[in-house]
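To start, the structure itself, in structure tokens.
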Amino acid sequence: TGGTISALSAGTVTISGGTINTVAALNAGTVTITGGTISALSAGTVTISGGTINTVRTFTEASQTVSSATTDFTGGAARDVSDKVTYSIFVHNTTANDANVRLEISPDNTTWLVDGTAVSLAASAASALVPAKFLKYLRVAYAAAVGGSTVTINTIYQAQS
């Protein structure tokens, strides 16, 4: 009552009306909470009887504007998606020239593989790109549909974990 448990190697902890900030210090044993809160659990099992679990999702967003006048694909900023549950990239061609975009994936942020087929974006068109396969890194590659005609693509990466 009114104290702190620094570490518990085995045994049982019962809490009534309190808060557990982390359970990383509990190596083995049982924690019972009545009317309290668990802020973080790095490993282990939580059993709830007659209670509620509230999950908190985190949201990530990043924007990038890129341009090209060549028909060769150029990769945009890489995004680490290893800890994301769902993610996609909104692409918007802001110019009067047609553009091509595609997703690329990589296990090491060095070697890139095409994920799916390229999408043609007409002047002022937009699309959402969603990967079909998973690797740790994701990026949008972009190119002008016609060489010498400059295209500008706005990308917005959005992810939930």
Enumerate the calculated ³J(HN,Hα) couplings along segment 123-138 in order (Karplus 6.51 cos²θ - 1.76 cosθ + 1.60, θ = phi - 60°), each rounded to whole Hz, writing x wherever the residue is Gly or Pro. 3, 6, 7, 9, 7, 10, 10, 10, x, 8, 10, 10, 9, 4, 10, 9
With θ set to phi - 60°, apply the Karplus curve 6.51 cos²θ - 1.76 cosθ + 1.60 along segment 93-108 and write out the HN-Hα couplings as whole Hz, x wherever there is a Gly or Pro. 7, 9, 10, 8, 9, 6, 10, 10, 9, 7, 8, 10, 10, 8, x, 9
For segment 63-110, the accessible surface attributable to carbon and sulfur atoms (probe 1.4 angstrom, ligands and nucleic acids excluded) amounts in percent to 42
Would you grab the residues whose amide H sits under 5 Å from the one on THR95? Only those 5+ places off in sequence or on another chain, please, with H modelled 1.01 Å from N. SER124, THR152
Taking amide H positions as placed in the peptide plane 1.01 Å from N, state which residues far from LEU129 in sequence (5 or more) or on other chains have amide H under 5 Å from it. ILE89, PHE90, VAL91
Less than 16 Å from a label point 7 Å out along the Cα-to-Cβ axis of THR60: which backbone N atoms in segment 83-113 qualify, by residue? 83-90, 104-110
What is the distance, in nm, between label points placed 7 Å from the Cα along the Cα-to-Cβ direction at VAL146 and at SER82? 4.4
Using only the Cα atoms of segment 80-161, what are the Rg and Dmax in Å? 13.0, 40
Taking the Cα atoms of segment 57-111, report the difference between the largest and smallest coordinate on each principal axis, in whole Å and largest first. 38, 26, 13
Residue-wise, which Karplus ³J(HN,Hα) couplings in Hz belong to segment 140-156, taking 6.51 cos²θ - 1.76 cosθ + 1.60, θ = phi - 60°, and x for glycine or proline? 9, 10, 9, 7, 6, 6, 10, x, x, 9, 6, 10, 10, 10, 9, 10, 10
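The values are calculated or read from the model by the stated rules, or taken from the named source; none is laboratory data. Note that the coordinates shown come from a computational prediction; the quantities given were computed from them, not determined experimentally. Cβ: placed from backbone, ideal geometry, glycine included. Neighbour counts: every protein chain shown. Ligands, DNA and RNA are excluded from the accessible area calculation, which covers all protein heavy atoms including side chains. Shrake-Rupley method; radii C 1.70, N 1.55, O 1.52, S 1.80 Å.
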